[in-house]
Amino acid sequence: MPTLAESYYATASALLSRAWTVNAPVIAQLAPLVGASVARGEVIHTFGSGHSEMVAREIVGRAGGLVCVTSIQDPTAGFIENLVGYGTALVERYDRQFGMNAGEVVIVVSNSGKNSSPLEVALHAKKKGCLVVGLTSLAMSTTAKTVHPGGQNLHAIADYTLDNGGVPGDTIMPLTPKISTGPTSTFVGCSLLNWLLLSTMEWLQQNGHDLPVLRSQNIPGSIEHNRAVSAKYLQRLSRQMA
């Protein structure tokens with residue numbers, strides 16, 4: 001009889017494999033669009049509310065990642081993500097400070113696809129002419145009723161949707177008849193964003209563009225390298241790198 005952890009490993013590994021199969025065609029479509037934006041000197045914006053912020057932050061300031069990725073930060077950590085109007089105020093303030101320009105890519109992460117703040121960020125990005133990528137659980141986003149008065153869930157607003165393949169409630173391991181455990185949205189979501197950035201960097205390389213990629217600061221010479229590649233982006237990054 002496998003342990004709970006062993007069963008989770010097997011089930012979650014199969015889910016990750018399926019997420020690749022389902023999303024690979026979408027990533028193939030997105031990589032040239034994201035790559036062209038990076039080649040124009042633009043930035044990639046990410047947003048996640050509550051636990052989804054961990055996914056949105058995965059590709060920000062990351063060794064081996066693109067320097068031109070920045071995050072829209074929620075100082076309440078999602079505590080009031082369903083207060084209608086809060087997400088709009090948050091993203092408008094960010095826009096005034098760092099800019100969200102037409103043609104730039106905005107990645108909005110919301111496992112449920114129903115909460116107000118991520119929807120309002122996505123709607124503002126659409127209004128600004130940005131390309132909106134929604135990362136969600138389609139099983140939830142297509143069935144859970146949104147609290148936002150606009151009535152649309154994330155997948156209906158986004159130009160492209162990445163599906164983390166999660167189940168409603170995000171947990172795949174029954175613990176008792178009423179309790180389940182083993183969430184999957186974080187590690188699958190982070191994998192999806194890394195797959196997208198890898199494909200984007202490959203497109204940049206194949207088309208002869210610069211690669212503004214960060215190095216681990218623990219490797220000699222990397223701090224100087226990181227300062228050099230980030231110099232032209234500093235005024236647009238919400239968490240600046242020295």
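So for segment 235-242 (the condition being modelled with pLDDT under 95, of a type outside the set (D, E, K, R) and closer than 21 Å to residue 36 by Cα), does at least one residue qualify?
Scanning segment 235-242, I find at least one residue that is modelled with pLDDT under 95, of a type outside the set (D, E, K, R) and closer than 21 Å to residue 36 by Cα, so the answer is yes.
Each row is one residue, and each column tells you yes or no for (1) within 24 Å of residue 105 (Cα to Cα); (2) of a type outside the set (Asp, Glu); (3) out of contact with any Gly (no Cβ under 8 Å at 6 or more places or on another chain); (4) crowded, with 16+ Cβ neighbours inside 10 Å.
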| site | (1), (2), (3), (4) |
| --- | --- |
| 134 | yes, yes, no, yes |
| 153 | yes, yes, no, yes |
| 157 | yes, yes, no, yes |
| 175 | no, yes, yes, no |
| 190 | yes, yes, yes, yes |
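Find the residue count for segment 75-115, including only residues that are under 28 Å from residue 29 (Cα atoms) and among the small types (Gly, Ala, Ser).
Summing the residues that are under 28 Å from residue 29 (Cα atoms) and among the small types (Gly, Ala, Ser) in segment 75-115 gives 6.
Find the helices (runs of 4 or more DSSP H) located wholly in segment 146-237 whose residues include 1 or more that are within 30 Å of residue 120 (Cβ to Cβ) and touching an Asp or Glu at 6+ places or on another chain (Cβ under 7 Å), and list them.
185-206
Which one is surrounded by the fewest Cβ atoms within 10 Å (Cβ to Cβ), of the residues in segment 62-99 that are within 30 Å of residue 217 (Cα to Cα), under 16 Å from the mean Cα position of the chain (by Cα) and among the hydrophobic types (A, V, I, L, M, F, W, C)?
Among them, the one singled out is 77.
Run down 150, 165, 221, 169 and say which single residue is over 21 Å from residue 29 (Cβ atoms) and either touching a helix residue (DSSP H, G or I) at 6+ places or on another chain (Cβ under 7 Å) or charged (D, E, K, R) (or both).
150
The values are calculated or read from the model by the stated rules, or taken from the named source; none is laboratory data. Note that the coordinates shown come from a computational prediction; the quantities given were computed from them, not determined experimentally. A quick note on method: Cβ atoms are made from the backbone with ideal geometry, for glycine too, and the neighbour counts reach across all protein chains shown.
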